[in-house]
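**Q** One structure is given below, represented as structure tokens, and several questions about it will come after.
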Amino acid sequence: MKPFSFLTNMMAAGLLAGALSSCAPTVTTSYLLEPVSGDVAMIEGRPVTKAEQNGVGVVASFEREDMEFVTFDIEVKNRTDHPIEVNPADFHFVALGASQDTLSDPAKAGFALQREAADPSYETGRVKLKRKQEEKRLKRAKIFNTVLMVAAIASDVSSSSNSRSYREFANNRAAHYLAYQGIAVKRAIDHSTFADRMQRYDYEEYRWRELALKANTLAPGESVRGFVYVPKLASAKYLAMTYSVSEQATVPVLFKQEFVQQKKQRR
């Protein structure tokens, strides 16, 4: 196969795949978590629970899905007579089965399947790294697009100078038109992807800076509220959350996890 024929076939396949994927139905799965332990009450249309141990109180409810995380609205109250340290890393989640038995971690034989809440400081640093990686990806895409364009132009000039029948001439023009269009589409997709991802990273930075519960010191009688983000555990029927304050208290809250699937036709 000639190099340029390969180029045009690649562009055509890419455009066809894009068209087919835009029409394919997608199935979305929504996570729903509901507290089933502690003092549960309906507040503003959603179940909220509160639990306390040794003067450390936790008020918790499921907020929403957020990309790769499930989000909990958490308030920590200090009812002791001394300051306590609050840190989202002190929230631990263990995956339980339908019988509330502990699930095993498929990646670590003999260990429970568990996660701890995301650390906002660490995640903020990851956002900066992801921005740099995306800038490098776009730069590589621009170089590749330039190589494709140079190859298309060289083939166009070379083939146009050869004498041929009208059918060959027409086929040649159609093939090069497809190649130029394919390169233009790829450029547009590259820039659109870059813009979408950078916008997502802007949101992630805002999430960790403004919404997430952060490490701080609570004086007696004070409370703090924020979102706690936990990596999804799709296999869990229940999530056993515990909040620990050094050796002073371990506050448990149990959430039941369900899924709602929706089929949506993309156009």
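**Q** Could you figure out which of (1) in contact (Cβ under 8 Å) with a residue 60 or more places away in the chain; (2) exposed (fewer than 13 other Cβ atoms within 10 Å of the Cβ); (3) within 16 Å of the chain's Cα centre (by Cα) isn't true of residue 207?
**A** (2)
**Q** Applying the selection to the range 175-188, what residues are more than 16 Å from residue 139 (Cα to Cα) and either open to solvent by 60 Å² or more (accessible area, probe 1.4 Å) or among the charged types (D, E, K, R) (or both)?
**A** 177, 180, 181
**Q** Out of curiosity, is residue 201 hydroxyl-bearing (Ser, Thr, Tyr), within 17 Å of the chain's Cα centre (by Cα) and either in a helix (DSSP H, G or I) or under 15 Å from residue 74 (Cβ atoms) (or both)? So that I can check it myself, show each step before the final result.
**A** Working: hydroxyl-bearing (Ser, Thr, Tyr): yes; within 17 Å of the chain's Cα centre (by Cα): yes; either in a helix (DSSP H, G or I) or under 15 Å from residue 74 (Cβ atoms) (or both): yes.
Yes, satisfied.
**Q** Let me ask something else. When residues of the range 84-106 are filtered for being within 27 Å of residue 208 (Cα to Cα) and part of a loop (DSSP other than H, G, I, E, B), how many remain?
**A** Total meeting the criteria: 1.
**Q** Which number in (1) more than 22 Å from residue 219 (Cβ to Cβ); (2) open to solvent by 30 Å² or more (accessible area, probe 1.4 Å) marks the one condition that residue 54 misses?
**A** The one condition residue 54 does not meet is (1).
**Q** Of all residues in the range 43-65, which are farther than 27 Å from residue 85 by Cβ and at pLDDT 95 or above?
**A** Result: 47, single match.
**Q** For the range 217-267, which residues satisfy the criterion of being charged (D, E, K, R), modelled with pLDDT of 90 or more and within 18 Å of residue 58 (Cα to Cα)? Break it down stepwise before answering.
**A** Let us first name the residues in the range 217-267 that are charged (D, E, K, R), namely 222, 225, 232, 237, 247, 256, 258, 263-264, 266-267.
Next, from what is left, pick out any that are modelled with pLDDT of 90 or more: 222, 225, 232, 237, 256, 258.
Matches in the range 217-267: 222, 225, 256.
The values are calculated or read from the model by the stated rules, or taken from the named source; none is laboratory data. Predicted model only: the values in this text are computed from it and were never measured. Here the Cβ is made from the backbone with ideal geometry for all residues, glycine too, and neighbour counts use every protein chain on show. Each accessible area value is taken on the protein alone, full model and side chains, heavy atoms only, with ligands, DNA and RNA left out. Shrake-Rupley method; radii C 1.70, N 1.55, O 1.52, S 1.80 Å.
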